[in-house]
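Engineer: One structure, as structure tokens, below. Some questions next.
The values are calculated or read from the model by the stated rules, or taken from the named source; none is laboratory data. If you're wondering where the values come from, they're calculated on a predicted model, not measured in any experiment. Cβ sites come from the backbone with ideal geometry, for glycine too, and all protein chains shown count toward neighbours. Protein only, heavy atoms only, side chains kept; ligands, DNA and RNA dropped before computing areas. Shrake-Rupley method; radii C 1.70, N 1.55, O 1.52, S 1.80 Å.
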Amino acid sequence: MRIKLYPIISCLILVLAGCTGGVKEIQNQTYITVLGLDYSKGEFILNTQALNFSNIAKQEGGAGLQQSAPILIGQSKGKSIQAAISKLEQNAALPLYYGHVNTLLLSQSVLEKKLPSVIEFIGQNPSLRYNCWLYGTNGDLKEILLGEGFFNFPSLYTLLHRPEPLYRENFIMPIEKYNRFISKYYQAVGSYMIPSVDIKKGKFLKNKKPMNIVTLTGGYAISQQKYKGWVNKQDLAGIKWFSKHAPNVPLSLFKEKVSVIIKNPKGSIKVLNGRNPSYELKVKTHAVIVHNEENISVNKIEKELSQQIKNQIVKTLNKSDEINADLLNITEKPYRYQNKTWDKNTINNFKKDLIKDITVKIIIDETINYKR
């Protein structure tokens, strides 16, 4: 019986040896975490960011915080994105692996001229996933990829890779993943805002030396597969009141003598019938007063807060008219639910004048309690 088992055991050992022989060890690959693309003079300029995963493991374990995590930046050019990648791979010391790409960073030039090429490339590349964060920039891609994290933590702890902590505590505009963008890219109405980032210097110091921090600057409007332009975050202020994911929005009033935090604002759109669709906008939300230097009355704060929110909405509507894009996605509602009443062209003919009323209702739930 033992003699008969020897050939079987020998075969199993050979099979297992064959399986493990094709496995690549983690330290023998270069793991790309950000894919950055620029376009200039008829060529794509590829910028990649790769991180040392052993270093990240040490930092997450609480060790090695005295030394900065190394960032490896790669750069190459090509007439196509794949050509640029191939050239970079030919000069790599270790094979490049794209299965861990967490962020796509596109220059303004790419967004204006070559966005269809990027969409086609991502759709054809089996290693790139649709759940990456998507950003745009008009800054230096290489400088942004070298942006610093706090306390020497790696780039995985910056806005590029983990925007959730930022917009949970201080919501400015939606920061969403590529799959959300591609689902709206071919939509016949409305627009999509790709967040724009750049390097901000001097807001934080490390050992008296200014840090290079990646920050949100605004967004790029894409509407009906066309680039509409860049909008700064001040002109996008109205978007947050109609976002479904705005947990905390801090605001200052009365020359910053009063500070409040808006909790989960709820914006709604009512479509009015007529020859052309017109609209009534309503925002209802709750707020908490966290600072009130001159003990201004709650009623007065509510009125001022309502007016400020209304002004922000109007400001975004003005920008919508300027760049001919529905930044608040108001036209989505008639297109989805009343497309038998108006055709697509009528719905898309959106102007600020079609907003007949803007109502903001604020309920202040709490005021500050001083420590005793």
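Engineer: Which of the following residues is hydroxyl-bearing (S, T, Y), surrounded by fewer than 20 Cβ atoms within 10 Å (Cβ to Cβ) and modelled with pLDDT under 95: S117, S127?
Structural biologist: S127
Engineer: Mind telling me which of the residues E164, E169, E148, E143 ends up being at pLDDT 90 or above and charged (D, E, K, R)?
Structural biologist: E143
Engineer: Still on this structure, please answer the following. Out of all the residues in segment 154-176, which are within 9 Å of the chain's Cα centre (by Cα) and more than 24 Å from L72 (Cβ to Cβ)?
Structural biologist: Listed by number, the residues that qualify are M173, P174, I175, E176.
Engineer: Could you list, in sequence order, all residues of segment 185-218 that are more than 20 Å from L236 (Cα to Cα) and open to solvent by 50 Å² or more (accessible area, probe 1.4 Å)?
Structural biologist: Y186, K201, K203, F204, L205, K206, N207, K208, K209, P210 - these are the residues of segment 185-218 that are more than 20 Å from L236 (Cα to Cα) and open to solvent by 50 Å² or more (accessible area, probe 1.4 Å).
Engineer: In addition: How about segment 187-204: which of its residues are touching a Ser or Thr at 6+ places or on another chain (Cβ under 7 Å) and either in a strand (DSSP E or B) or hydrophobic (A, V, I, L, M, F, W, C) (or both)?
Structural biologist: V189, S196, V197, D198, K200
Engineer: Now a separate question. If you take the residues in segment 263-283 that are in a loop (DSSP other than H, G, I, E, B) and free of Cβ contacts under 8 Å to residues at least 40 places away in the same chain, which one is surrounded by the most Cβ atoms within 10 Å (Cβ to Cβ)?
Structural biologist: Checked segment 263-283; the qualifying residue surrounded by the most Cβ atoms within 10 Å (Cβ to Cβ) is G274.
Engineer: In segment 284-307, which residue that is among the β-branched types (V, I, T) and in a helix (DSSP H, G or I) is farthest from the chain's Cα centre (by Cα)? Break it down into steps so the answer makes sense when it comes.
Structural biologist: In the first step, residues of segment 284-307 are kept if they are among the β-branched types (V, I, T); the result is 285, 288-290, 296, 298, 301.
Of the ones still in play, those that are also in a helix (DSSP H, G or I) are 298, 301.
Working: V298: 35, I301: 32 Å.
Filtering first and then ranking leaves V298.
Engineer: Another question, if that's okay. Could you pull out the residue among N295, N318, N349, N311 that is over 28 Å from K255 (Cα atoms) and either open to solvent by 10 Å² or more (accessible area, probe 1.4 Å) or not hydroxyl-bearing (S, T, Y) (or both)?
Structural biologist: N349
Engineer: Looking at segment 104-120, I want the residues that are under 15 Å from L35 (Cβ atoms) and have a partner that is hydroxyl-bearing (S, T, Y) and open to solvent by 10 Å² or more (accessible area, probe 1.4 Å) with Cβ atoms under 6 Å, at least 6 apart or on another chain. Which pairs are those?
Structural biologist: So the pair list comes out as V110/Y39; L111/Y227; K114/Y39.
Engineer: What residue, among those in segment 321-336 that are in contact with a strand residue (DSSP E or B) (Cβ under 8 Å, 6 or more places away or on another chain) and open to solvent by 70 Å² or more (accessible area, probe 1.4 Å), is nearest to I355 (Cα to Cα)?
Structural biologist: Looking at the filtered set, the residue picked out is K333.
Engineer: If we only count helices (runs of 4 or more DSSP H) wholly inside segment 84-181, which ones have 3 or more residues that are farther than 28 Å from L205 by Cα?
Structural biologist: 108-113, 115-124
Engineer: A further question follows. Please enumerate the residues belonging to segment 322-334 that are touching a residue at least 24 places away in the same chain (Cβ under 8 Å) and farther than 17 Å from F242 by Cα.
Structural biologist: Narrowing segment 322-334 to residues touching a residue at least 24 places away in the same chain (Cβ under 8 Å): 323-334.
If the condition is that a residue be touching a residue at least 24 places away in the same chain (Cβ under 8 Å) and farther than 17 Å from F242 by Cα, then I323, N324 are the ones that fit.
Engineer: Let me spell it out: the conditions are (1) out of contact with any Leu (no Cβ under 6 Å at 6 or more places or on another chain); (2) over 18 Å from E366 (Cβ atoms); (3) in contact (Cβ under 8 Å) with a residue 40 or more places away in the chain; (4) assigned to a helix (DSSP H, G or I), and W230 meets all of them except one. Which number is the exception?
Structural biologist: In the conditions (1) out of contact with any Leu (no Cβ under 6 Å at 6 or more places or on another chain); (2) over 18 Å from E366 (Cβ atoms); (3) in contact (Cβ under 8 Å) with a residue 40 or more places away in the chain; (4) assigned to a helix (DSSP H, G or I), W230 misses (4) alone.
Engineer: More than 21 Å from K344 (Cα to Cα), among the β-branched types (V, I, T) and surrounded by 16 or more Cβ atoms within 10 Å (Cβ to Cβ): is that true of I289 in this structure? Let's see the steps before the verdict.
Structural biologist: Details: more than 21 Å from K344 (Cα to Cα): yes; among the β-branched types (V, I, T): yes; surrounded by 16 or more Cβ atoms within 10 Å (Cβ to Cβ): yes.
Yes.
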